[in-house]
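These notes concern the structure reproduced below.
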Ligand SMILES: Nc1ncnc2c1ncn2[C@@H]1O[C@H](COP(=O)(O)OP(=O)(O)OP(=O)(O)O)[C@@H](O)[C@H]1O
Ligand SMILES: [Mg+2]
């Protein structure tokens, strides 16, 4: 981990000022805001807009290190937008803006001195539909981020590719086919390949946006097992529409509705004894 960090620091990563153009930075940004308690990531008074439309309304939430937090809520409530604010993708949408503080290890990621490229590296993202790079082999899919970041050491790349595929629970299935196309894998394997691709950058936070919704039950359960393993080394935020999945994989659950965070707490509490009636109605399938 240290070795990769040092290599990345000395490689040709440049501050990407263009990425942040059009984004309204919070007015009172300080580089060293303290986060609450022992959270890895703290969202404070976050509002996000698409044009004039307010998509996230005053979100306050802390994500604890080495725990899994599930984001649940009906379609359109803002789950993806929240993930995209966290990894600085929201600002790349035309006319999108946001205001508030997102504190990663005490540093505001929207501080002008925070480099979006570094922030993205610290946060891996896995999408709903597996999206391996279509023209690349299995090996190159996993190695691509390292190479893009200027890593040239073949031995190091090979080690990290193996480690990442092992971490994603895919190594044994693909170790003899590393030069075959990533697209030749099954849907579940492709999703684990995408997880390996994210892990290769050694992120501290893994953002997963409905990672199993396109998969069959067996492939889904493999990803769920993986999530439980991954939290030993990183912090996971997973969006899911599957209440059983949220209950199985997460330690904490956040229920969102119409852009607001309605209730947040330990998963067992949210599912067994929700405080808000709206939460109870959603998790018991009365709407959504
Ligand atoms: N690119 C966009 N331009 C304009 N509005 C958008 C855009 N993306 C999302 N929205 C709006 O922002 C709100 C939140 O959307 P978001 O995609 O975050 O919801 P979600 O909870 O992830 O929904 P789903 O469960 O369907 O994925 C919705 O009202 C949506 O219509
Ligand atoms: Mg979504």
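Where a number appears in this text, it was derived from the coordinates with a stated rule and is not lab data. No experiment lies behind these values; they were computed from the predicted model shown. Methodologically, a virtual Cβ is constructed for each residue, glycine included, from the backbone with ideal geometry; neighbour enumeration extends over all protein chains shown.
Stretching residue 218 away from residue 232 to a fully extended chain increases their span by 2.8 nm, per 0.36 nm per residue minus the current alpha-carbon distance. Comparing 143, 268, 196 in a Gaussian network model of the chain where C-alpha atoms under 10 Å apart are linked, the largest mean-square fluctuation is found at 268.
Nearest 0.05, what FRET efficiency do residue 284 and residue 183 give at R0 = 41 Å with Cβ-Cβ as r? Computed FRET efficiency for residue 284 and residue 183 comes out at 0.55. Using a simple spin-label model with pseudo-atoms 7 Å out from Cα toward Cβ, residue 276 and residue 53 lie 2.1 nm apart. Every Cα-Cα pair of the chain was included, and the share exceeding 35 Å stands at 17 percent. Here the spin labels are modelled as points 7 Å beyond Cα on the Cα-Cβ line, and at residue 244 and residue 152 they lie 5.2 nm apart. Packing here is the average count of other Cβ atoms within 10 Å per residue, and on that basis the peptides 54-63, 127-136, highest first, run 54-63, 127-136.
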